[in-house]
Amino acid sequence: MIHFVLLFSRQGKVRLTKWYSPYSQKERTKVIRELSGLILPRGPKLCHFVEWRGFKVVYRRYASLYFCMCINQDDNELEVLEIIHLFVEVLDRYFGSVCELDLIFNFHKDSLVETAKEEASSISNIIVQATK
């Protein structure tokens, strides 16, 4: 079971969180501080699994972002690494070439924006056709 998902930068700034288990705001802040302090100093040659508070935290770094998932002790770490990779691929397809700024400013990119662009394009096509 996935308890939470964290995305944070190399500087420890939180970019995205999703909590699947109940944590108070104070506990969430403490969890983020503990895990970023535990994961950020680890070298790139070390494994991507960390035991923490009776759970396992699986993480992976992509560019300047760390993607972390907290799972039960008996869950499969390699499967969670695949889930993280799939999540990154989905974000990459959604944003084109995803970067940290996309997650900060454009994460809730709305389909209304796409619809507005299509409508503007069709209106400009109508104007072009009418002026010919």
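For segment 58-66, putting each phi into the Karplus relation 6.51 cos²θ - 1.76 cosθ + 1.60 with θ = phi - 60° gives couplings of 9, 9, 8, 9, 10, 6, 9, 10, 9 Hz, in residue order, rounded to whole numbers and with x for Gly and Pro. In order along segment 27-35, phi translates into HN-Hα couplings of 5, 4, 4, 5, 4, 4, 5, 4, 5 Hz, rounded to whole numbers, per the Karplus curve 6.51 cos²θ - 1.76 cosθ + 1.60 with θ = phi - 60° and x for Gly and Pro. Karplus-derived 3J(HN,Hα) values for segment 69-83, using 6.51 cos²θ - 1.76 cosθ + 1.60 with θ = phi - 60°, are 10, 9, 10, 5, 4, 8, 7, 7, 5, 5, 5, 5, 4, 5, 5 Hz; glycine and proline are entered as x. Taking square-rooted eigenvalues a ≥ b ≥ c of the alpha carbon gyration tensor, is segment 21-94 rounded, prolate or oblate, where a/c under 1.5 means rounded and, failing that, a/b exceeding b/c means prolate? Since a/c stays below 1.5, the shape of segment 21-94 is classed as rounded. For segment 3-49, the share of accessible area belonging to carbon and sulfur comes to 55 percent (1.4 Å probe, ligands and nucleic acids excluded).
Give the residue list of trypsin sites (Lys or Arg not before Pro) in segment 26-80 that are DSSP loop and have at most 16 other beta-carbon atoms within 10 angstrom.
ARG42, LYS45, ARG53
Entry comment: accessible area of segment 1-49 is 65 Å² per residue, from protein heavy atoms only and a probe of 1.4 Å. Amide hydrogen proximity for HIS3: with H placed 1.01 Å from N in the peptide plane, the residues at 5 or more positions away or on another chain lying under 5 Å are CYS70, ILE71.
The values are calculated or read from the model by the stated rules, or taken from the named source; none is laboratory data. As the structure is a computational prediction, the values presented were derived from the model and not from experiment. FYI the Cβ positions are ideal-geometry reconstructions off the backbone, even for glycines, and counts take in every protein chain you see. Each accessible area value is taken on the protein alone, full model and side chains, heavy atoms only, with ligands, DNA and RNA left out. Shrake-Rupley method; radii C 1.70, N 1.55, O 1.52, S 1.80 Å.
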